[in-house]
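See structure below.
The values are calculated or read from the model by the stated rules, or taken from the named source; none is laboratory data. Just so you know, these numbers come straight off a predicted model, no measurement behind them. Cβ atoms come from the backbone with ideal geometry, glycine included; neighbour counts cover every protein chain shown. All accessible areas refer to the heavy atoms of the entire protein, side chains included, with ligands and DNA or RNA removed. Shrake-Rupley method; radii C 1.70, N 1.55, O 1.52, S 1.80 Å.
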Amino acid sequence: MQTYVALLYSIILGEGRRVVMSDLKTMAEGLGLKNPRTLVATGNLVFEARVADITRLEQRLETAFEKTFGRHVVIIVRTAEDWLKLAAGNPFPAESAETGDQVAVRVMRKPASADGVAALQAYAAEDEKVASVDGDIWVVFSRERPSSRLLAAMNHKRLGIGTARNWNTVWRLAEMVGRMGSRAVGQ
């Protein structure tokens, strides 16, 4: 068995409708995924499954989500090992320790191009930072500006399919994955 992290992109279903995390867990169980757990109500799912092709796993989850909730949502899956590597590769540890909600990573389905990441620099304010690590895009957003031009520039058309999570969420998912991995080893 392998532990996986699944990140749902924009799970807003429309006026008066939302994805209840217990329903997301039930959907995962219906696919035969083991020990599904969610983190906050923004579409973070950790589960165990037989070792599988990531693309097929993403497709299975997206198809089940559309069938269950009536809307297509992009779902990006990473193995536990890859998630822990992503968290360990945070290029902004000092900023993350200070203001974890202002540091985010856009987790990409396919690595972002160097040109696309470089182009983001033009949208960054003086007190904002951008870095690419293994094709994912890390950003430190400004505390001084409630709306960043950088956030709007980090879209699918410019960079490809991805979804952002702040450092607090990245770290908590890494903790969940670590606990699940150590529990699975002990079984």
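Could you tell me whether any residue of segment 47-55 is of a type in the set (Asp, Glu) and part of a helix (DSSP H, G or I)? If you could, list the steps in order and put the result at the bottom.
Taking segment 47-55 and keeping what is of a type in the set (Asp, Glu), we get 48, 53.
Imposing the further condition that a residue be part of a helix (DSSP H, G or I) reduces the set to none.
Within segment 47-55, not a single residue is of a type in the set (Asp, Glu) and part of a helix (DSSP H, G or I).
Taken over segment 105-129, residues that are of a type in the set (S, T, N, Q) and more than 22 Å from Val74 (Cβ to Cβ) amount to 1. Applying the criterion of being open to solvent by less than 80 Å² (accessible area, probe 1.4 Å) and part of a loop (DSSP other than H, G, I, E, B) to the residues of segment 1-38, the residue that is modelled with the lowest pLDDT is Leu13.
Among the residues of segment 45-68, is any buried (at least 17 other Cβ atoms within 10 Å of the Cβ), of a type in the set (A, V, I, L, M) and touching a Gly at 6+ places or on another chain (Cβ under 9 Å)? Yes: segment 45-68 contains one or more residues that are buried (at least 17 other Cβ atoms within 10 Å of the Cβ), of a type in the set (A, V, I, L, M) and touching a Gly at 6+ places or on another chain (Cβ under 9 Å).
Restricted to segment 156-169, and to residues that are within 13 Å of Arg109 (Cα to Cα) and not β-branched (Val, Ile, Thr), which residue is surrounded by the fewest Cβ atoms within 10 Å (Cβ to Cβ)? Can you show your working first?
Taking segment 156-169 as the starting set, the residues that turn out to be within 13 Å of Arg109 (Cα to Cα) are 156, 159-164.
Cutting the leftovers down to not β-branched (Val, Ile, Thr) gives us 156, 159-160, 162, 164.
Values: His156: 12, Leu159: 20, Gly160: 16, Gly162: 23, Ala164: 16.
The selected residue is His156.
Contact annotation: residue pairs with Cβ atoms under 7 Å, 6 or more positions apart or on different chains, pairing a residue in segment 130-152 that is buried (at least 17 other Cβ atoms within 10 Å of the Cβ) with a partner that is of a type in the set (Lys, Arg), are Asp136/Arg106; Ile137/Arg106; Val139/Lys129; Val140/Lys129. Taking the criterion of being open to solvent by 40 Å² or more (accessible area, probe 1.4 Å), among the aliphatic types (A, V, I, L, M) and not in a strand (DSSP E or B), would at least one residue in segment 75-83 satisfy it? Looking for residues that are open to solvent by 40 Å² or more (accessible area, probe 1.4 Å), among the aliphatic types (A, V, I, L, M) and not in a strand (DSSP E or B), one finds none in segment 75-83, hence no.
Please work out which one of (1) within 23 Å of Trp167 (Cβ to Cβ); (2) open to solvent by 70 Å² or more (accessible area, probe 1.4 Å); (3) part of a loop (DSSP other than H, G, I, E, B); (4) not aliphatic (A, V, I, L, M) is the condition Arg71 fails and give its number. All conditions pass for Arg71, except number (1). Determine whether segment 105-128 contains at least one residue that is open to solvent by 20 Å² or more (accessible area, probe 1.4 Å), in contact with a Phe, Trp or Tyr (Cβ under 8 Å, 6 or more places away or on another chain), touching a residue at least 24 places away in the same chain (Cβ under 8 Å) and within 21 Å of Leu7 (Cα to Cα). No; the residues of segment 105-128 include none that is open to solvent by 20 Å² or more (accessible area, probe 1.4 Å), in contact with a Phe, Trp or Tyr (Cβ under 8 Å, 6 or more places away or on another chain), touching a residue at least 24 places away in the same chain (Cβ under 8 Å) and within 21 Å of Leu7 (Cα to Cα).
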